[in-house]
Amino acid sequence: MRCSSAQVLLLLFFLSFFYSSAQENNAESNSIIKSTEASDKHTTLLAAIRAADLDELLGFDGPFTMFAPSDTALQELLGYTAIDFNDPKNKQKLQEIVSYHLVVGNLTASKILSAMCKGNGKASFTTVQGNKIMATMSGLDIVLTDSLGNTSKIITADSTRCNGVIHEIDSVVLPSEM
């Protein structure tokens with residue numbers, strides 16, 4: 001059986017269409033928000049993201065780097081501040097907190113380390129919220145310091161997603177006094 005060039009082109013068109021559809025579906029299922037939904041260590045973070053109306057942003061846009069505090073870290077903050085995720089009055093505060101854990105771009109651990117090398121052991125990154133977060137080293141750990149001097153250590157690095165990268169951190173960093 002001989003294939004004409006038109007048949008080959010038609011076949012290639014259909015194959016590329018199905019491939020791109022599969023890639024789009026895979027990309028959506030491999031986003032920062034989908035990863036957070038699938039995690040059993042970030043249910044409180046997911047609730048905060050949704051209450052702040054940032055779930056759509058983290059589902060499709062990017063690239064972002066998310067410094068994701070564990071449930072334990074967020075629950076400690078909530079116990080201290082008594083922020084109610086269901087109260088619409090807290091939406092802006094939650095947006096500030098969650099967006100302070102986001103940086104635009106794919107900041108892998110190696111990129112953070114490279115920036116620290118260029119900055120004599122320190123690197124500063126502007127968060128989506130608008131304030132800076134500082135990265136330094138403590139032994140073998142990358143430590144983040146917020147504008148108030150609170151620190152958080154990256155405990156799991158480089159969970160690559162279709163729209164960025166996630167680094168799990170051991171405590172919450174804050175853009176301002178709660």
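The values are calculated or read from the model by the stated rules, or taken from the named source; none is laboratory data. Predicted model only: the values in this text are computed from it and were never measured. Because the Cβ atoms are built from the backbone with ideal geometry, glycine has one as well, and the counts that use them run over all protein chains shown. These area figures cover heavy atoms from the full protein model, side chains too; ligands, DNA and RNA do not enter into them. Shrake-Rupley method; radii C 1.70, N 1.55, O 1.52, S 1.80 Å.
Please give the length that would be gained between VAL104 and ASN30 if that part of the chain were fully extended, namely 0.36 nm times their separation in residues minus their C-alpha to C-alpha distance (nm, one decimal). It would help to have the intermediate numbers written out before the result.
Numbers: separation 74, 0.36 × 74 = 26.64 nm, distance 1.77 nm.
Computed gain between VAL104 and ASN30 is 24.9 nm.
Please report the carbon-and-sulfur percent of the accessible area for segment 51-110; probe 1.4 Å, protein heavy atoms only, DNA, RNA and ligands left out.
Working: 1450 of 2940 Å².
Carbon-and-sulfur percentage of accessible area, whole number: 49.
Between ASP61 and ASP40, 0.36 nm times their residue separation minus their Cα-Cα distance comes to what? Write down the numbers at each step before the final one.
Values: separation 21, 0.36 × 21 = 7.56 nm, distance 2.33 nm.
Residue separation times 0.36 nm, minus the Cα-Cα distance, leaves 5.2 nm.
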Along segment 85-94, what does the Karplus equation 6.51 cos²θ - 1.76 cosθ + 1.60 (θ = phi - 60°) give for ³J(HN,Hα), rounded to whole Hz, x for Gly and Pro? 5, 7, 8, x, 5, 8, 4, 5, 5, 5
Along the Cα→Cβ direction, 7 angstrom out, place labels at MET137 and LYS89. What is the inter-label distance in nm? 4.7
Using a simple spin-label model with points 7 Å from Cα along the Cα→Cβ vector, what separation in nm is obtained for ASP158 and ASP71? 2.8
What number comes out for accessible area per residue over segment 31-178 if the probe is 1.4 Å? Units Å², please. 48
